[in-house]
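> To start, I am sharing the structure in question, which I have written as structure tokens.
The values are calculated or read from the model by the stated rules, or taken from the named source; none is laboratory data. These figures come from a predicted structure and were not determined experimentally. Reconstructed Cβ throughout: ideal geometry from the backbone, glycine too, with neighbour counts over all protein chains shown. The protein model used for the area step is the full one, side chains on, heavy atoms only, and it has no ligands, DNA or RNA in it. Shrake-Rupley method; radii C 1.70, N 1.55, O 1.52, S 1.80 Å.
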Amino acid sequence: MRQRNDDNAYQRRGPGRSANPGSSLLVLLCRRDDTAGDRRSARADAAQVNKLLGQARQDGLVSVEIKLPLANCVALEEKLKARFALDDVSVVPSLPDPDALQQVIGEAASTMLHPLLKDGIGLGVGWGRTLRAAARTLKQRRFARSWVTSLMGGMTRGAGTNTFEVATEFAHLIGAECYYVAAPIYCPSVESRSTLLTHYGLADVMRRAREGQIALVSCGDLTPRSLLAATHIVNESLDELRKAGAVGDLLGTYLDEYGRPVDHPLNSRVMALSPQELKAYPISILASGGLPKAPVIRGILNARYVRCLVTDESAAAALLQ
């Protein structure tokens with residue numbers, strides 16, 4: 001049970017946060033079934049609680065969310081926070097279906113993001129299926145003084161996961177202006193990238209990308225499921241990237257297992273906020289999971305590019321090995 005307080009009605013329960021008394025009561029009621037007397041008592045208590053909650057919901061005073069987090073997820077959250085000095089961590093159960101896993105991680109990222117959003121903030125977003133899922137589950141509000149910016153260039157065709165579509169969806173949900181890095185994610189050459197950055201509009205968007213308060217990003221591995229690795233320009237360079245030590249990318253910059261940008265031409269031609277610039281964000285959330293992404297997630301965390309993490313059990317366990 002959560003009492004509404006302006007725009008901070010949705011409070012995420014996580015490690016280090018006290019459990020909500022209402023939720024604890026409901027959980028306790030569910031467990032009180034050892035004897036017939038306990039069952040009768042639980043039913044009576046539950047009836048009283050349901051009556052009070054029903055009235056409170058009608059009055060708009062409370063919203064109800066019952067969570068029974070798996071003990072293993074909570075333990076992994078605590079260990080990850082300690083190991084990588086993170087501000088917040090959310091670990092969800094692993095699922096065999098990669099699409100379903102991205103959906104769940106996206107929903108958890110939305111839950112983490114929601115109470116952080118306030119009027120006047122600048123939100124920088126990446127791209128991909130996980131962030132699209134986060135946008136689709138974010139509660140709609142209106143922050144007229146806020147703005148959203150993409151943190152990287154995009155592809156020439158849309159699929160709902162492109163940086164333009166993802167940024168637009170977030171902007172629509174919070175009623176904010178949206179700014180786009182209107183350029184390909186990889187420029188044809190270093191010179192063409194430099195030329196594009198002399199354009200006032202693009203230079204202004206990149207300035208905003210560096211001055212935001214909250215960043216929500218994901219990362220990619222080198223498997224065929226990676227949207228970026230599947231593009232022609234990256235796919236033809238995969239062997240070279242692996243030889244250079246790359247294990248995955250963050251905002252289009254390919255990193256090694258320690259989080260260092262590898263020596264490859266793509267990294268000098270990427271039109272995006274750099275991982276080093278991402279460090280300047282007061283709040284930065286990495287939402288990615290699945291065992292294949294564990295090496296690049298570990299590199300990102302070791303380099304301290306982000307402050308918060310949303311991932312799944314299998315990736316979390318691998319990160320701690």
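> Could you run through the range 191-210 and say how many residues are of a type in the set (A, V, I, L, M, F, W, C) and either under 23 Å from D256 (Cα atoms) or touching a helix residue (DSSP H, G or I) at 6+ places or on another chain (Cβ under 7 Å) (or both)?
Looking only at that region, the number is 3.
> Given the residues V217, V234, V247, V296, which is the only one that is over 25 Å from A82 (Cα atoms), buried (at least 18 other Cβ atoms within 10 Å of the Cβ) and aliphatic (A, V, I, L, M)?
V234
> Is it the case, given these coordinates, that Y258 is touching a residue at least 24 places away in the same chain (Cβ under 8 Å), of a type in the set (F, W, Y), in a loop (DSSP other than H, G, I, E, B) and surrounded by 15 or more Cβ atoms within 10 Å (Cβ to Cβ)?
Against the criterion (touching a residue at least 24 places away in the same chain (Cβ under 8 Å), of a type in the set (F, W, Y), in a loop (DSSP other than H, G, I, E, B) and surrounded by 15 or more Cβ atoms within 10 Å (Cβ to Cβ)), Y258 does not qualify.
> Among the residues in the range 220-235, are any within 19 Å of V306 (Cα to Cα) and either touching a residue at least 24 places away in the same chain (Cβ under 8 Å) or of a type in the set (V, I, T) (or both)?
Yes, the range 220-235 contains a residue that is within 19 Å of V306 (Cα to Cα) and either touching a residue at least 24 places away in the same chain (Cβ under 8 Å) or of a type in the set (V, I, T) (or both).
> Across the range 221-231, what is the total count of residues that are of a type outside the set (A, V, I, L, M, F, W, C) and either part of a helix (DSSP H, G or I) or open to solvent by less than 30 Å² (accessible area, probe 1.4 Å) (or both)?
3
> A further question on this structure: Could you identify the single residue in S218, S274 that is touching a Leu at 6+ places or on another chain (Cβ under 6 Å), within 28 Å of A108 (Cα to Cα) and of a type in the set (S, T, Y)?
That would be S218, the only listed residue that is touching a Leu at 6+ places or on another chain (Cβ under 6 Å), within 28 Å of A108 (Cα to Cα) and of a type in the set (S, T, Y).
> May I ask you to list the residues in the range 211-236 that are at pLDDT 95 or above, touching a helix residue (DSSP H, G or I) at 6+ places or on another chain (Cβ under 8 Å) and among the polar types (S, T, N, Q)?
Across the range 211-236, the qualifying residue is only S218.
> Within the range 187-219, track down each residue that is part of a loop (DSSP other than H, G, I, E, B), over 29 Å from K139 (Cα atoms) and of a type outside the set (S, T, N, Q).
C187, P188, L197, H199 - these are the residues of the range 187-219 that are part of a loop (DSSP other than H, G, I, E, B), over 29 Å from K139 (Cα atoms) and of a type outside the set (S, T, N, Q).
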